[in-house]
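Chemist: Handing you this structure, nothing more for now.
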């Protein structure tokens, strides 16, 4: 079983489906040490953690579910600088 799929299943089993921890981009950037600008770029170009956005308007609220962020981070783990990781 691929590492990412295995991690997703562990994450789903660990958390109650009703136990969502939602974070704003500011809260997430502070928690995982990535700038809000980088998170914004990842949202526009793709490749970042999954997020919720209520509408397509410019000022719409963006939220991240911590479980999705954990899956994203796990998929970007490396064991060396030459390791392409799971996402490649």
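The values are calculated or read from the model by the stated rules, or taken from the named source; none is laboratory data. Predicted, not measured: the structure shown is a model, and the values here were computed from it. Here the Cβ positions follow ideal geometry from the backbone for every residue, glycine too, while neighbour counts run over all protein chains shown.
Chemist: When you check residue 13 against the structure, is it surrounded by fewer than 11 Cβ atoms within 10 Å (Cβ to Cβ) and at pLDDT below 80, yes or no? Spell out how you get there, then give the answer.
Modeler: Values: surrounded by fewer than 11 Cβ atoms within 10 Å (Cβ to Cβ): yes; at pLDDT below 80: yes.
Yes: the conditions hold for residue 13.
Chemist: Among residues belonging to region 22-41 that are outside any helix (DSSP H, G or I) and out of contact with any strand residue (DSSP E or B) (no Cβ under 9 Å at 6 or more places or on another chain), point out the one that is surrounded by the fewest Cβ atoms within 10 Å (Cβ to Cβ). Explain how you work it out, then say what you get.
Modeler: Taking region 22-41 and keeping what is outside any helix (DSSP H, G or I), we get 22-24, 33-35.
Subsequent filtering for residues that are out of contact with any strand residue (DSSP E or B) (no Cβ under 9 Å at 6 or more places or on another chain) retains 33-35.
On the way: 33: 6, 34: 16, 35: 11.
Ranking the candidates gives 33 first.
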